[in-house]
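Chemist: Right, I'll just put the structure down here and ask away after.
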């Protein structure tokens, strides 16, 4: 399921196929069903950052190096290809025909284990009085609560070691979530005894991580497969990767295009589109060590520290449904979305 797309299919359709298949790769075929190449989830997101429209034909972004192997290819060859491309699977192709997939786990390969840190210590002031009784992550949106949905998604992505940074009503989290086994994860609590902002809780981790660290706010609902963010982070060879979503701002006036005091034209009521911080990050272990111990320290400051050290901060465009539930209006929009029968 979700293995192949036609060369003239739209990129948006290819991304949907990958989400069904769960492998982060789609095989591109011609009109006769013969394999002409592959596209990865990362290929699509890099093209989106460059301004590509989701209606673009898949053929326009087929990579020069298809992630394919021949039948009977040695395990070492397949493993080297997948580890270099940071993908979980390669297509097996014989005489232009797709035979199946070879998975990294089947050829003795593995990526460093990823841990997740969920930031759940906030008070949720903007959603009072709802948050006077329960922490914001326990608000029900759709079939379950925000935090339980996140735990399930992490488990589905193969990320099972999860740390939950708590402060406000910390006992509620421990009572309701326990050790996380009911959600398929191993849950450990990081107790904030004072406000540490969005990066400070990382200093409470009991030991240096061995692999990448996925960090996220606990007030988001998204259809994103978190393993795709980790793959992209590796592909970009970044020290820090920031999840980004597009926010549109409608200007209710005609905007003047000026050259000094001369008007070159008027753009009537334009809509501006900005890539904004989604509050989801992937970090290398060395980056965690830049966080001062038990200090109020935000992710923007951490990004600045990474850049100051001469390392790369990459942007990962979230092309899936993404809802940040920070205000009553955003909560109402999320409730309405699920009330129409949609699900993530």
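Chemist: If I model a spin label as a point 7 Å beyond the Cα along the Cα-Cβ vector, how far apart are those points for residue 208 and residue 258 in nm?
Modeler: For the pair residue 208/residue 258, the computed spacing is 5.3 nm.
Chemist: Where the eigenvalues come from the Cα gyration tensor of the chain, what are the semi-axes √(5λ) of the equivalent ellipsoid, largest first, in whole Å? If you can, show how the numbers build up before the last one.
Modeler: Details: eigenvalues 234, 161, 86 Å².
Taking √(5λ) for each eigenvalue gives 34, 28, 21 Å, largest first.
Chemist: Next question, about the same structure. What order do you get for 54, 18 when you list them from fewest to most C-beta neighbours inside 10 Å?
Modeler: Details: 54 15, 18 22.
The fewest-first ordering by Cβ neighbours comes to 54, 18.
Chemist: Please report 97, 293, 149 as a ranked list, fewest other C-beta atoms within 10 angstrom at the top and most at the bottom.
Modeler: Ascending Cβ contact count within 10 Å gives the list 293, 97, 149.
Chemist: Quick one: if you stick a label point 7 Å off each Cα along the C-beta vector at residue 289 and residue 340, how many nm between them?
Modeler: Distance between the two pseudo-spin positions: 4.9 nm.
Chemist: According to a simple spin-label model (label point 7 Å from Cα along Cα-to-Cβ), what is the distance in nm between residue 271 and residue 140?
Modeler: For the pair residue 140/residue 271, the computed spacing is 3.4 nm.
Chemist: When the scattering of segment 4-107 is computed by the Debye formula from its Cα atoms alone, each counted once and equally, what is log10 I(q)/I(0) at q = 0.20 Å⁻¹?
Modeler: At q = 0.20 Å⁻¹ the computed log10 ratios are -0.98.
Chemist: Mean-square fluctuation check for the chain, GNM, Cα pairs under 10 Å: which of 231, 324, 64 is largest?
Modeler: Among 231, 324, 64, the largest GNM mean-square fluctuation belongs to 64.
Chemist: Under 13 Å from a point placed 7 Å out from the Cα of residue 7 along the Cα-to-Cβ direction: which residues of segment 18-54 have their backbone N that close?
Modeler: 28-38
Chemist: Let me ask you something else. Given the Cα-Cα distance of residue 55 and residue 188 and 0.36 nm per residue of separation, how much length would full extension add, in nm?
Modeler: 43.6 nm
Chemist: Report for segment 124-233 the percent antiparallel among DSSP-assigned beta bridges with both residues inside it, nearest 5. List each step's numbers first, then the result.
Modeler: Details: 2 of 8 bridges.
Among the beta bridges of segment 124-233, antiparallel pairing accounts for roughly 25 percent.
Chemist: Using the scaling law 2.2 N^0.38 Å as the reference, what is the normalised Cα Rg of segment 235-344?
Modeler: Details: Rg = 19.4 Å, N = 110, 2.2 N^0.38 = 13.1 Å.
Here the Cα radius of gyration is 1.48 times the empirical estimate.
Chemist: Which value in deg cm²/dmol, rounded to the nearest 500, describes the helix-derived mean residue ellipticity at 222 nm for the chain, given -39,500 (n - 2.57) per DSSP H run of n ≥ 4 and division by the residue count?
Modeler: After summing the helix terms and dividing by residue count, I get -7500 deg cm²/dmol.
Since every read-out is calculated from the coordinates, none of them should be taken as a lab result. As the structure is a prediction and not an experimental result, all values here were calculated from the model. We place every Cβ from the backbone using ideal geometry, glycine too, and count neighbours over all the protein chains shown.
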